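I have placed the structure first, in the form of structure tokens, so that the comments after it can refer back to it.
Laboratory data are not the source of any read-out in this text; all were calculated from the coordinates shown. All figures in this text were calculated on a predicted structure; none of them were measured in a lab. Glycine also receives a Cβ, built like all others from the backbone with ideal geometry; neighbour counts cover every protein chain displayed.
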């Protein structure tokens, strides 16, 4: 337990972000919210420690900016498409549940790719299988085999952009990208 408390010192950035989130949730920046957020953040980090992930991550600033811009572009385009189909008269386009095999075997990148896919309107992760490195998504407007394959390619491309933006060389090699 004392070791976990000592490790919180090395997670000071995460603790500060948790305090900021706490203040946002409680609607103000005052001493009571900051102290309450600090207590909650330290308790969470001590009682529920995260596994170490630093060995998988490295930041490539240019690739990260390109990744972020493409992600925001995908969000806007998808939101417009979903909005169009929601408001137009006529039947709704078909959806499918698709399985996508990830290139990386990392739990972190499997999870992060799933979160990114869920944040883009029109798809949501319904299951992730850690053992096989597969995510299952419910996708929008995928009624034909060609549309299903296009959705799979888009998810794999999203993972590849993420890997090039923040994965270490060893993870890239494992994923077959180097």
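Helix 12-26 and the longest principal axis of the Cα set of the chain meet at an angle near 70°.
Taking the number of Cβ atoms within 10 Å of each Cβ as an exposure proxy, the fewest-first ranking of 118, 139, 113, 132 is 132, 118, 139, 113. Largest first, the extents of the alpha carbon coordinates of the range 2-50 on the three principal axes equal 33, 15, 15 Å.
Between residue 68 and residue 153, the FRET efficiency from the beta-carbon distance, with R0 = 22 Å, is close to 0.60. Dividing the helix sum by the residues of the chain, where each DSSP H run of 4 or more adds -39500 (n - 2.57), gives a mean residue ellipticity at 222 nm of -20000 deg cm²/dmol.
Applying 0.36 nm per residue to the separation of residue 11 and residue 115 and subtracting their alpha-carbon distance, the gain on full extension is 35.2 nm. For the chain, the longest principal axis of the alpha carbon atoms and the long axis of helix 31-47 meet at an angle near 80°. Rounded to the nearest 10 degrees, the inclination of helix 61-87 to the longest alpha-carbon principal axis of the chain is 50 degrees. Considering every alpha-carbon pair of the range 16-110, the percent of pairs per 10 Å bin, from zero through the bin containing the longest distance, is 12, 19, 27, 30, 12, 1.
Each listed q (0.16, 0.22, 0.29 Å⁻¹) maps to a log10 I(q)/I(0) for the range 57-100 from the Debye sum over equal C-alpha point scatterers, namely -0.66, -0.85, -0.98. From the P(r) of the range 105-147, could you give the percentage of C-alpha pairs in the tail past 12 Å? Counting every Cα pair in the range 105-147, those more than 12 Å apart make up 59 percent. Extent along the principal axes, Cα only, for the range 55-174: 50, 31, 20 Å, with the longest axis given first. Considering all C-alpha pairs of the range 125-178, those separated by over 12 Å amount to 72%. Working from Cα pairs under 8 Å separated by at least six residues, relative contact order for the chain is 24 percent.
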